[in-house]
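Reading through the structure tokens given below for one structure.
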Amino acid sequence: MALTAGIVGLPNVGKSTLFNAITNSQVLAENYPFATIQPNVGVVEVPDKRMDDFVNMFHPRKTIYTTFEFTDIAGLVKGASKGEGLGNQFLANIRQTDAIVHVVRCFDDDNIEHVEGSVDPVRDIDEINMELCLADLDTVQNRIGKVAKKAQTKDKEAMKEMNSLTRFKEALEQGKPVRLLDLDEDDRLNLKNYGLLTGKPVIYVANMSDEEIGDPASNKYYQAVKAFADNEGSSCIAICAKMEEELSGLDKDEKKAFLDDLGIEQSGLDQIIQAAYHLLGLRTFFTVGEPECRAWTFHEGMKAPQCAGIIHSDFERGFIKAEVYSYEDLMEYGSEQALKEHGKLRVEGKDYLMQDGDVVFFRFNV
């Protein structure tokens, strides 16, 4: 399932440096606005300790992690909603993503120009949010122009849509993202149809210096971003994009040793990947064994036959049952044989809701 998060922010905040770390590639990351003109797309493995444990237990010939897609979108500037700085093109690229990773500059450096002339992360967030609100307002007003007359004829569906549109318009005119509204079922359906930018979930990424990343709370800029994110119920992750780029060139053992020296449990990059994955309601089930250990992505709320269909459509069409156990039980009992002896291997039918961490063998017949 090709879900993607778009990396956005003002120019020169560290977006492309972060993207280099995400993909371990070298996209253009120069110190001037609009260095990134075309969006760059990278597919990354979702870090998962459970997969590492499966590999240690089964010693498979092949290991496949689940993946997530990131798009690096060129820096937005004031007036982007009106086409400033190639804004229309950039906003269109954001519209194609499912979530937004908003990178904010939280470091001082006289050698790196800030487009506003000073470092003020909350001002920068407000500036981009306003551009997204203005772009959405255009979309909503255009839709109102098409629906209003039909709603006046007491058409029920048109009246429902007008209710949603009116709520969206009032919020956007105040510079309030639509995602912060208390949305009902009709609102959510209409929101999905319009593809509004401010309706997408957001993770704020505070990019700071390597001197401060060991103790983010001591950074006044990070504190401001964290308070802003907490106020709207969003996540805030502290990173040093430059350090993450360097880490991306190391193998797992070298990376762990580097982070241990800094007293950091998990890299900022891994936190971003996992946060984006879960923000979109994505979960993981596993198929394991000596030939292959593999992680599979599914949406929370999917039933066993649907998840079987992720592996192959024949599995869903001819679904009979699913033999399931949990990762936690496997770690506790130490082997599949021990799970069977203790009654921890379950047989589930068509109505079973798959859980994150399920290890499954599907039986089917076509």
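So which pairs qualify, if the first residue must be in the range 278-306 and more than 21 Å from Lys350 (Cα to Cα), the second must be of a type in the set (Val, Ile, Thr) and open to solvent by 20 Å² or more (accessible area, probe 1.4 Å), the Cβ gap must be under 6 Å, and the two must be at least 6 apart or on different chains? From the range 278-306, the pairs are Cys293/Val55; Cys293/Thr63; Arg294/Ile64; Arg294/Thr287. Considering the range 140-234, the qualifying helices (runs of 4 or more DSSP H), each wholly inside and each with 3 or more residues that are more than 18 Å from Asp124 (Cβ to Cβ) and open to solvent by less than 60 Å² (accessible area, probe 1.4 Å), run over 156-173, 185-194. Scanning the range 262-283 for residues that are buried (at least 22 other Cβ atoms within 10 Å of the Cβ) and part of a strand (DSSP E or B) gives no hits. Residues in the range 182-223 that are within 23 Å of the chain's Cα centre (by Cα), among the basic types (Lys, Arg) and modelled with pLDDT of 90 or more: Lys200 alone. Arg50 meets all of the listed conditions (1) open to solvent by 50 Å² or more (accessible area, probe 1.4 Å); (2) modelled with pLDDT of 90 or more; (3) touching a Phe, Trp or Tyr at 6+ places or on another chain (Cβ under 6 Å) but one, namely (1).
Here is the figure for the range 248-261: residues that are part of a helix (DSSP H, G or I) and open to solvent by 30 Å² or more (accessible area, probe 1.4 Å) total 9. Considering the range 77-98, and only residues there that are open to solvent by less than 20 Å² (accessible area, probe 1.4 Å) and under 25 Å from Thr4 (Cα atoms), the residue that is modelled with the highest pLDDT turns out to be Thr97. Just one residue in the set Val366, Val324 is touching an Asp or Glu at 6+ places or on another chain (Cβ under 7 Å) and modelled with pLDDT under 95; that residue is Val366.
Scanning the range 309-320 for residues that are hydrophobic (A, V, I, L, M, F, W, C) and either closer than 20 Å to Phe54 by Cα or outside any helix (DSSP H, G or I) (or both) yields Ile311, Phe319, Ile320. Could you say whether any residue in the range 99-109 is open to solvent by 20 Å² or more (accessible area, probe 1.4 Å), among the hydrophobic types (A, V, I, L, M, F, W, C) and modelled with pLDDT under 90? The answer is no; no qualifying residue exists. Of all the numbered requirements in (1) closer than 25 Å to Ile22 by Cα; (2) open to solvent by 50 Å² or more (accessible area, probe 1.4 Å); (3) not polar (S, T, N, Q), Pro291 misses one, and that requirement is (1). For the structure I just gave you, tell me whether Phe361 is crowded, with 19+ Cβ neighbours inside 10 Å and in contact with a strand residue (DSSP E or B) (Cβ under 8 Å, 6 or more places away or on another chain). No: the conditions fail for Phe361. Only one of the listed residues (Ala35, Ala21, Ala29, Ala74) is at pLDDT 85 or above and either out of contact with any Gly (no Cβ under 7 Å at 6 or more places or on another chain) or not in a loop (DSSP other than H, G, I, E, B) (or both). That residue is Ala21.
In the range 321-358, how many are among the polar types (S, T, N, Q), open to solvent by 30 Å² or more (accessible area, probe 1.4 Å) and either in a loop (DSSP other than H, G, I, E, B) or closer than 24 Å to Thr66 by Cβ (or both)? Break it down into steps so the answer makes sense when it comes.
From the range 321-358, those among the polar types (S, T, N, Q) are 326, 335, 337, 355; that's our starting set.
Now restrict to residues that are open to solvent by 30 Å² or more (accessible area, probe 1.4 Å): 335, 337, 355.
If we keep only those that are either in a loop (DSSP other than H, G, I, E, B) or closer than 24 Å to Thr66 by Cβ (or both) too, we end up with 335, 355.
Summing the residues that are among the polar types (S, T, N, Q), open to solvent by 30 Å² or more (accessible area, probe 1.4 Å) and either in a loop (DSSP other than H, G, I, E, B) or closer than 24 Å to Thr66 by Cβ (or both) in the range 321-358 gives 2.
The values are calculated or read from the model by the stated rules, or taken from the named source; none is laboratory data. As the structure is a prediction and not an experimental result, all values here were calculated from the model. With ideal geometry, Cβ positions are generated from the backbone for all residues, glycine too; neighbour counts draw on all protein chains shown. Please note that ligands, DNA and RNA were not included when accessible areas were found on the heavy atoms of the full protein model with its side chains. Shrake-Rupley method; radii C 1.70, N 1.55, O 1.52, S 1.80 Å.
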